[in-house]
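Everything on this sheet refers to the single structure shown next.
Rule-based calculations on the coordinates, nothing more; no lab input. The model shown is predicted, which means the values in this text are computed figures rather than measured ones. Every residue, glycine as well, gets a Cβ built from its backbone with ideal geometry; the counts of neighbours run over all protein chains shown.
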């Protein structure tokens, strides 16, 4: 059953999920309900539906309809309880309760920005968690404490920074420090590190000439990667003084990277390409390992499961699931 | 009813008779006494017992030679008395016993006396009755050591009788008597059962007789089969009852080491036996020999009752004497186990019962010794099994395997001891593999082709209740008896049920991988192992046996499936064409041509093989069987897992479906059966349901395999089958996969077009089926409202009847006006009328500049039609033909969307014209069909093109062919030329109508078809030509009428008004010509 591990000519996905009936814009793996250990895959589509797929039967278990037909751009489950956050272009962030087969919106947050920027959360074992989302102002990022929805701060760059709109966000917290940080990619191609508690910019690095479309950060290695509308993939690092430094860029054949994701074990990096392809890199060396050529339209998102399974969602309405280098 | 109830009365009656008998001992007197006795009640007789017995005994004791007849009647009378009374005195019992037994022997020899059979019979019966008459307490005192000599004598006499006597009756009586004597009688009115101490006492006493009884009985039992089964049955019963008593573990356990000195005289004491350990061992050894003889002889006894008794023997001895007869356990178990599959259901049932009983009592499993013996037996059987399978005939194999089965049943979970020994597992598997070898020499296997391309319609409900048990007929090299195969399957199932499934599957899959020689057998075995492990059809003798858990089973099945369906085990060469993949793809097409072509090539290649099957044929046969067995296994697995198997469908369904479309009949059958099994096991109503419900899995496989078409050339076939069996709900999925198909087709236009065209055909057929044209249906239901034909004749008729000058004038005026209109001088008034017919705006809320998105099916059809335009001019005729069919369907699906259809039709036109005018007749035929459809769906659009590009050629070919068909014989109707003529003639009419051709073109058509109205043409062509004219009449009745009348005019036309001059038509009335008949028929239609 396991797909052959990338035989030279044309690697195949392990399987393909069909039935979203519209382009897939967001993907998220989560563990299934306790007791039945089968992992689930959540997908958000252009038509505003969220599909919950069982990876065991490879079929959709339920469909959530909460964004009034507007594209679902971001999905995230919270570690405590069976709660799902979904961000839609109907300017709403919905909080779903999925426990015990329920699927109801229990809360929602109004978004002020029409942009494409996906939100991000920082959630631990505590009941309180932090949400970062694009703010009211064009260039602002809003930080909320959840579930109370109290605003913590608004991150607004200085007027002369000319960063443009935030395009992608990543909240994180170093093991050593209790202060949450936010990494944000901006329209002008720069990546900025914000200190959330002080509400000020720590560092900024301009690594792209085009808007940053996606970024991911490996807090252990203090290294991150970002992709933009151009042909290059930028890797940057964070030093002791909390300043970002560009480490290098990696050319890909065709321009446009919609999403980048580092595998939870920090060994692989996957990118979603506008050229319909998913590219796999060795995260430490950035050596290109494979080009997964399956989709027939733009790939909008890639996601890794805890066990290493990779899923990619595309404009061709398919989600392909790949089993890559499982052994390593 | 007794007449004399009181002793006094009875005495009065009996006294004279008794006195008389004492005085003169004659038969008559004895009979007289017996007659009187009948009238005496039992209680009275009991009182007078001694008195009555006296004269009888006196008679017996009287010295001197006695007439046998007298003795016999005395004994009978005595028996009568004893049967109604009971003996209450010890002495009397002993004396009577001695006196009766004395009748049997001659004083001088220990052998039975040479007396008549009747007497022997009477005496043995007398003895039985005597023992029965003995009163409860005294019977035990009778069996004191001192009786030993006399008893022994009687026993040996009776044994002699049983063995030597000719008469069956006597033998039986003797055996019964022995049974009574040994207090083992099984009749109802026997005294109470004995307690332990008493049993012990009897056992001690009878031990002396054991050698004699057992050897004599063994001789009787193993004697000629012809002596009758009842004797053997009784002997067997006596044997096990006696042995069971004397050798009972229960008694032997209580025997003291030292023999107590019996208080009897020396002579008797010598006869006594002390059943000490040593004696037991000795006796056991000797009995083992006898038991072995008996079991060997009796287990093949032709009469089932004998075998049934053998089961009883085994049961009794194993239950009672498991320790003392431990040496015999082997043969006994063997005998039992061998009868498990007896042909008699009674024996089988009893055997089963006993086995179950043993299992319940843990006789075998709880008893180490037995388990060891059984294991030992199984070990040695496993060791010799390969040799036996090699050397025995079917019958021998059958009994050997029955034995194996029995051991497995009996051992139950303990069978793992043997399986855990590598050497023995290997022996066992070697034997199984060897005997299961298939005969793959026949060439039928490869040759048989599937004729029907979509036979998936069968519903699972139609098959029997236990369909997984139905198996394709196999031919084995080493046996022909079906029962042996059944046995082998049962054996494997039992192994799977009790054995360690991981171990077994592992072992056999190892063999599967090891060599192609073992592969088929190994997979057969694995299939049954899994079925057995799931407990299908296995009756569990051993409760609390822990079965393989469903999860484990699923994991095992999953790994087996992986192996079965791996590239190298699933895609085997099964036909010659497959070797040249390119060739095969050319040949492969559903439909008749493909089938004949396939069969043809195969036959050609197999001709030389007919004389001597070549290794290729053999290996292909072997491959066919291999696949069939694996498919069958999948069915088994489905049953084994039940609904759990649904999860495996994502990987298993696609390959099975692929095989369902295989050309080889056996494979496609096996695959269909496997799918049925899956339906049953997973709870799907039908194959369609199965396919429909799991289309997502199929599509997944299809789309991934399309990416590697070179390795998976059959992928399009699977899609075809899927499309044929699914419904409109799958449209989204289909849309998805069609993208892949078209993309792949675009990559492989040159190489793999054939298989793709098949898919496209199935796809369009499915679309046409899923989205039937609702408008058309409505039209059909309403019927054509009013045609020109029904209106016109009315005016004509009226005109003929009573025509006035005014009428003619009006007619002419109307005519002129119509002509004016036709010439284009249309008044404004008319124009205004037409205006409202402009179609109203469809959707108000639609933005005007954006067209509504096309329905998915229309998009698909459009995409497909574009490909068809490319493929229309393919080099391969078969592809062209198929593409024309697809094109036809495309037009049907698209016809409601003229905006899409017309541009495509425009692009397809040149190529289509080329097919119509310049191609193989077959292609012309199909192209014409497309043309008809196209004409029907977008008439106006085609009119001028048709008239310009096609009509002249068609008309021309009709004209040139006409003389040919006039002259042709009856065979002509089978030629392609004929079919073409027919098709064109049949099609032209509707075409003319739907294209609404102008007058000039209609004339061309009419001219070309007129010739075919000749009676010299074949009937079918005449019919078709008539149909053309019928259509022409609808379009332009007047000119058709004229044309027909020109050909043949049935009557003279008188002018309606004298002012008009008479008409003279060319076809003169009355003058017969070849067209007369058809013209007349047509004209009749016109009126």
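Over segment B:939-1086, what is the relative contact order in whole percent, taking alpha-carbon pairs under 8 Å and six or more residues apart?
This gives 23 percent for segment B:939-1086.
Determine the relative contact order of segment A:179-285: mean sequence separation of Cα pairs under 8 Å and six or more apart, normalised by residue count, in whole percent.
Value for segment A:179-285: 17 percent.
When only alpha-carbon atoms are used, what values of Rg and Dmax, in angstrom, describe chain A?
18.6, 57
Say we join alpha carbon atoms closer than 10 Å with springs in a Gaussian network model of chain A; which of A:84, A:233, A:289 then has the biggest fluctuation?
Top of the fluctuation ranking is A:289.
Averaged over A:53-62, how many beta carbons belonging to a partner chain fall within 10 Å of each residue's beta carbon?
2
Over all distinct alpha-carbon pairs, what is the Kirkwood Rh of segment A:123-250 in angstrom?
Kirkwood hydrodynamic radius for segment A:123-250: 14.7 Å.
What order do you get for A:283, B:625 when you list them from fewest to most C-beta neighbours inside 10 Å?
With the sparsest Cβ surroundings first, the list reads A:283, B:625.
If I model a spin label as a point 7 Å beyond the Cα along the Cα-Cβ vector, how far apart are those points for residue A:173 and residue B:549 in nm?
3.9 nm
Between A:296, A:154, A:271, where does the largest GNM mean-square fluctuation fall for chain A, given springs only between Cα atoms within less than 10 Å?
A:296
Would you mind giving the three semi-axes, in whole Å and largest first, of the ellipsoid equivalent to segment B:612-749 according to its Cα gyration tensor?
Output for segment B:612-749: semi-axes of 25, 22, 11 Å.
Using a Gaussian network model of chain A with C-alpha springs under 10 Å, which one of A:93, A:49, A:238 is most mobile by mean-square fluctuation?
So, out of A:93, A:49, A:238, the one fluctuating most is A:238.
Rounded to the nearest Å, what's the spacing between the alpha carbon centres of segment B:481-536 and segment B:889-967? Just the number, please.
62 Å
What are the radius of gyration and Dmax of segment B:939-1086, computed over its Cα atoms and given in Å?
According to the Cα coordinates of segment B:939-1086, Rg and Dmax are 16.2, 56 Å.
Do you know the relative contact order of chain A, to the nearest whole percent, from alpha carbon pairs under 8 angstrom that are 6+ apart?
In percent, rounded to a whole number, it is 14.
Per 0.36 nm of contour for each residue apart, how much would the distance between residue B:567 and residue B:300 grow if the chain were fully extended, relative to their Cα-Cα spacing?
Value of the extension gain: 91.1 nm.
To make sure I understand, if each residue's beta carbon is the centre and we count other beta carbons within 10 Å, what order do B:708, A:38 fall in, fewest to most?
Taking fewest neighbouring Cβ atoms as first place, the list is A:38, B:708.
If I model a spin label at residue B:811 and residue A:97 as a point 7 Å from the Cα along the Cα→Cβ vector, what separation in nanometres do I get?
9.0 nm
Can you tell me how much longer the chain between residue B:647 and residue B:996 gets when fully stretched, taken as 0.36 nm per residue apart minus their C-alpha distance, in nm with one decimal?
Difference between extended and current length: 119.8 nm.
Between residue A:200 and residue B:194, how many nm apart are label points set 7 Å from Cα along the C-beta direction?
Using points 7 Å along Cα→Cβ, the separation is 11.4 nm.
Fewest to most neighbouring Cβ within 10 Å: what's the order for A:43, B:726, B:399, B:43?
Lowest count first: B:43, B:399, B:726, A:43.
Taking every pair of alpha-carbon atoms in segment B:120-184, give the share separated by more than 21 Å as a whole percent.
Tail fraction, whole percent: 20.
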